[in-house]
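Below: the structure, in structure tokens.
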Amino acid sequence: MMIFKKAIPRRTFLRGAGATLALPLLDAMVPSFARGAQSAATPVKRLSIVYLPNGVMMDKWTPAAEGAGFELTPIMEPLAPFRDRMLVLTGLAHNTGRALAGENTGDHARAGATYLTGVHPRKTEGADTEAGISMDQLVAQQLGRQTQLASLELCMDTPELLGQCEAGYTCAYMNTICWRTPTTPMPMEDRPRVVFERLFGDSDSTDPAVRLRRIQRDRSILDSVTEKAASLLAGLSPSDRAKLTEYLEAIRDVERRIQLAEEQSSRELPTLERPPGVPATFTEHAKLMFDLQVLAYQTDLTRVITFMIGREFGGRTYPEINIPEGHHSLTHHMYKKDKIDKVIQINLYHAKHFAYYLDRLRATPDGDGSLLDHMLVLYGGGLSDGNSHLHDNLPTLLAGGAAGQLKGGRHLRYPQDTPVTNLLLTMMDLLGVPLEKLGDSTGKLSLLAV
């Protein structure tokens, strides 16, 4: 059939004036006779990890009932629209996060370093860090072979300005949860402009002044590819035109928000304290970072993204919800109700932003479904009770359909101290990257797959 030869190649880009813009998956990229059952049979699998710092108020997180009849707890209320796409897991632990002899401090450092590795980190304040290869990087080694970027490592905090770290441990253990090798921690990026340029544009220099001049010269990537975009739109079907137009509008909106944040940052705050491009409020920043992740998945520029909503030991304040105290200090509440209530508010605030992310994934078409249908999203952290620095019974939630392999709407309880690495191995199986051993794993979890 001649229509087969007219299909647009999957890795088609729009190019112009030095800008390169990847396209989302369009119907025209799938040969006519290959659409339907055949194209739906092999959807792209993607991994997303969203990390919560400093523990969670577990009595407001953990459902009372097991199985499909569980009720959403107060912290999970914002996730109600996605109940049927969620799997709540209780009883998992990071035994390697607990202190060894002579390690009286460092629970936050160990929580971050062990979260995706299952390896107890070396106690050091120097450059001789050592943990283990993280699960996300192992997945990226395989899934990254089909994408422009193997993975993205993102965060909400500025590593250079985080201040005090735990005694005896270098800040590297708390500034990232991703490890390319046992001795190579991956840097996390908090600046939307830098992420945007990595996805859609390139700069000849990392110097802020050079970047600013380039931005002023070329205010929009879309401006430089407008003619070619118009030509492509003219040859598409109505459904593809609508899909591509919506995608281009999303790109334009993200650009506009980044530019606004840069203008506000340079006008209101010194560069040293707030790098250009970082929005002033948590909500603006978080939504922008989540939107960038959706665009990265939508264009298939990467299939693996790790995002730290906050870093362990972090003292972020939340004036938007009337919490001027630092997050970490509040978690050491000493059972005082006013502090506990504020920790719950922060946990709930994070859940609301995670719900925004899930909604964006669900609303973004991907093949025969949505991005959420084909993704595996891990939401949780390396501590449960922040007041006591507990590494057991960790807050853990899976979302998404994993390309039809994951049955949601359930609360599963596992035996006490079941290693989190057992879950990570099971997730790797669902992603088509099987591994027999990771860190302190003792096997793989059952009841995850349909």
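Since every read-out is calculated from the coordinates, none of them should be taken as a lab result. Keep in mind that this is a model prediction, so the values were computed, not measured. Because the Cβ atoms are built from the backbone with ideal geometry, glycine has one as well, and the counts that use them run over all protein chains shown.
Among E320, E436, E312, sorting on how many other beta-carbon atoms sit within 10 Å of each Cβ, with the fewest leading, yields E436, E320, E312. Under 5 Å between amide hydrogens, built in the peptide plane, is the criterion, and for L390 it picks out S384, D385 among residues at least 5 positions away or on other chains.
Semi-axes of the equivalent ellipsoid for region 337-416, computed as √(5λ) from the eigenvalues of its C-alpha gyration tensor and ordered from largest down, come to 29, 17, 8 Å. Just to verify a number: FRET efficiency for S388 and D84, C-beta to C-beta distance, R0 = 35 Å, to 0.05? So the FRET efficiency works out to roughly 0.55. On the basis of the beta-carbon distance and an R0 of 51 Å, D417 and A234 show a calculated FRET efficiency of 0.25.
Remark: T114, T317, T396 ranked as T317, T396, T114, counting other beta-carbon atoms within 10 Å and listing the fewest first. Taking other C-beta atoms within 10 angstrom as a stand-in for reagent exposure, V377, V194 fall in the order V194, V377, fewest first.
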